[in-house]
1. Please verify whether the stretch 392-405 includes one or more residues that are in a loop (DSSP other than H, G, I, E, B) and either surrounded by fewer than 20 Cβ atoms within 10 Å (Cβ to Cβ) or β-branched (Val, Ile, Thr) (or both).
2. Go through Leu421, Leu448 for me and flag whichever is in contact with a helix residue (DSSP H, G or I) (Cβ under 8 Å, 6 or more places away or on another chain), surrounded by fewer than 17 Cβ atoms within 10 Å (Cβ to Cβ), part of a helix (DSSP H, G or I) and among the aliphatic types (A, V, I, L, M).
3. What residue, of Ile183, Ile216, Ile231, is among the hydrophobic types (A, V, I, L, M, F, W, C) and surrounded by 19 or more Cβ atoms within 10 Å (Cβ to Cβ)?
4. Counting just the residues of the stretch 104-130 that are outside any strand (DSSP E or B) and not small (Gly, Ala, Ser), which one comes out nearest to Thr90 (Cα to Cα)?
5. What's the total number of residues in the stretch 44-57 that are among the charged types (D, E, K, R) and surrounded by 21 or more Cβ atoms within 10 Å (Cβ to Cβ)?
6. Looking at Lys333, Lys355, Lys373, which one is under 30 Å from Val425 (Cβ atoms), at pLDDT below 90 and loosely packed, with under 15 Cβ neighbours inside 10 Å?
7. When the residues of the stretch 56-89 are narrowed to those that are farther than 20 Å from Lys101 by Cβ and in contact with a helix residue (DSSP H, G or I) (Cβ under 8 Å, 6 or more places away or on another chain), which ends up modelled with the lowest pLDDT?
8. Could you check Arg66 against (1) within 20 Å of Leu272 (Cα to Cα); (2) out of contact with any Leu (no Cβ under 8 Å at 6 or more places or on another chain); (3) surrounded by 15 or more Cβ atoms within 10 Å (Cβ to Cβ) and say which number it fails?
Amino acid sequence: MTKIGIEVHVQLNTKSKVFCSCSTKQSDEPNSNVCEICCGFPGSKPVLNKEAFEKALKIALALGCRINKETFFSRKSYFYPDLPKNFQITQYESPIGENGKYMSIRIRRIHLEEDPGALIHKGSYCLVDYNRSGIPLVEIVTEPDFKNAKEAREFLRKLITDLSYLDVYDKKSEFGLKADLNISTTGAKVEIKNVTGLKDIEDALVYEEERQKDEIPRKNETRGWNSEKGITFLQRTKESEDDYGYITETDLPLIEIGNKLLNQIKESIPELSEEKSERFTSDYKLNEKDAKVLANNKKLAELFEKVAEKVNPDIAAKWIIRDLMNQLNYHKKSLNEIEIKAESMIDLLKLFEEKKITDNTAKQVMINMITKKNFMPKKYIEDNNLIMKSDDSQIEKWCKEAIKETKKAVEDYKNGNEKSLNFVVGKVMQLSNKTANPDAVRKILVKLIRK
C-alpha cells in the first residue's frame, strides 16, 4: 500500500529576512543582501521578524491547526556549505501549529525557520550565494495521507491558491515553494528532497512508486530528483531527528501567543478558494465547474467579481474563463505579468451584452487588451467603426454581394445542405468587417436565397 507525506517549504513574502534587516530580494548581485547575522558571524544576535511570525501564524490558523500558546526556536545542527553557522534556526519541540486538517489531509505541524543559502554548481566546482540565507520559511508537514501522486499534486495546487489569498507567498520567487516528498510502498521510507513545480512533484512520486516495486528499499534513504532524466537518484541513507542535535536557541526568547493576537490574525484571514467557489454558485448562480475555475486564481476571482457588478455574471464568467484565459495561455502570459483592468473588461462586455458588437469583434478586442499597453476597448471600437450594424438595407447589400461570390455554397444550401449557409454568413461578416448583426444576416440570406 502506497503512503505519501509531504513537507512543504514556503518562502514568506516579507521585505526583510526572518532574523535580521537584510532585504529578501534575490535578483541582486550574489552575496550583496547579507550581514553578520545571516552569515553566522561569531557574536551576532538574531532578532525575530514580527511580520514573518504573524504570517506563519496566519497559515497555521487557515489550515485548522491547534496553536501552541508558547513557542520557541531551536538550533538544528548540520554541516553543509549553504549553512554558514553550521546550524539552522528553526522550531522543533514547540511549533507554531499542530494537528490541523486541510482538504481531508492531516497537518502534523507548521513551523517557522530560516532558509539556507543557495549552492550554484559550475561544472567541477560550486559557488555559494548567501542572499537567500535567512529568508523566512514556513514548513508545512503533512501526515502520510496521500494515496497517489495525483492527490498530492491537487493538494499543493489548492494550497498555493490559498497561500496567495492569504498574501503570504510570492509566486514569482524562484525558490518560493518546494517540497520534500516522503513515499513508501512495501519497504522503508524514501524522502525525495527539494522538488519544485507541481509537474515535477507528481512525476517524481509516480517514478518513485514504480521504482520501489522493483527495488524494495531496505533502509530509509534520501534521494534527489533529476527532472531532465525523469528519475530519482540516491543521495544518502536517511538520517534520524537525533542526528541533528537539536538544542534551544538561547539568543531568542520564549514567545507567548495571546488571545488578542490570535483574534487579530483570525479576523485578517480572507475568504479562501473553497468558500469563494461556494459563494459564486449561490450568489451568482454559476455552475460548479466555472465557480471553481474562477476561485482557484485570486486575481481571476477578483476580476470576475468587479466585472459581475456591472455585467451579467454568466457573460462575465464565460468570457473571462473561455476567452481571456485561452488568449493568455496562447500568448504565454499570466494575470501576474499583465494588468487587465476591470473597467476595460466591463466596457467591452457591456457592449457585447447590449448587442452593440459581435462575438468576433469582442474576441479581437480582447487580444488587443492582452498584447497592448494602456489599451482602451471602447475608444478602439468607436474609432474603428466596429459597432454592430443592424441596418437591414446595408446588410442586404452585403448579403447580395456574398451570394454572388459564394455560388457553390448557395447551391449546396438550396440542395439541402444547411451547413453551407454558414460559409455564406462568414463571407457577409468578412465584407462588413465583422460588424453586421449575425442574426439579421442569417435571416436576410435565407430570404434572398429562397426567392
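The values are calculated or read from the model by the stated rules, or taken from the named source; none is laboratory data. From a predicted model like this one, the values you see are computed outputs, not experimental measurements. Note that we place each Cβ from the backbone using ideal geometry, even for glycine, and neighbour counts take in every protein chain shown.
1. In the first step, residues of the stretch 392-405 are kept if they are in a loop (DSSP other than H, G, I, E, B); the result is none.
For the stretch 392-405, residues in a loop (DSSP other than H, G, I, E, B) and either surrounded by fewer than 20 Cβ atoms within 10 Å (Cβ to Cβ) or β-branched (Val, Ile, Thr) (or both): absent.
2. Values: Leu421 fails: surrounded by fewer than 17 Cβ atoms within 10 Å (Cβ to Cβ).
After applying the criteria, what remains is Leu448.
3. From the options Ile183, Ile216, Ile231, the qualifying one is Ile183.
4. Going through the stretch 104-130, the residues outside any strand (DSSP E or B) turn out to be 104, 115-117, 123-124, 130.
Next cut, not small (Gly, Ala, Ser) only: 115-116, 130.
Working: Asp115: 9, Pro116: 11, Tyr130: 18 Å.
Among them, the one singled out is Asp115.
5. Filtering the stretch 44-57 for residues among the charged types (D, E, K, R) gives 45, 50-51, 54-55.
Imposing the further condition that a residue be surrounded by 21 or more Cβ atoms within 10 Å (Cβ to Cβ) reduces the set to 55.
So the answer is 1.
6. Values: Lys333 fails: under 30 Å from Val425 (Cβ atoms); Lys373 fails: under 30 Å from Val425 (Cβ atoms).
Result of the check over Lys333, Lys355, Lys373: Lys355.
7. Tyr78
8. Against the list (1) within 20 Å of Leu272 (Cα to Cα); (2) out of contact with any Leu (no Cβ under 8 Å at 6 or more places or on another chain); (3) surrounded by 15 or more Cβ atoms within 10 Å (Cβ to Cβ), Arg66 comes up short only on (3).
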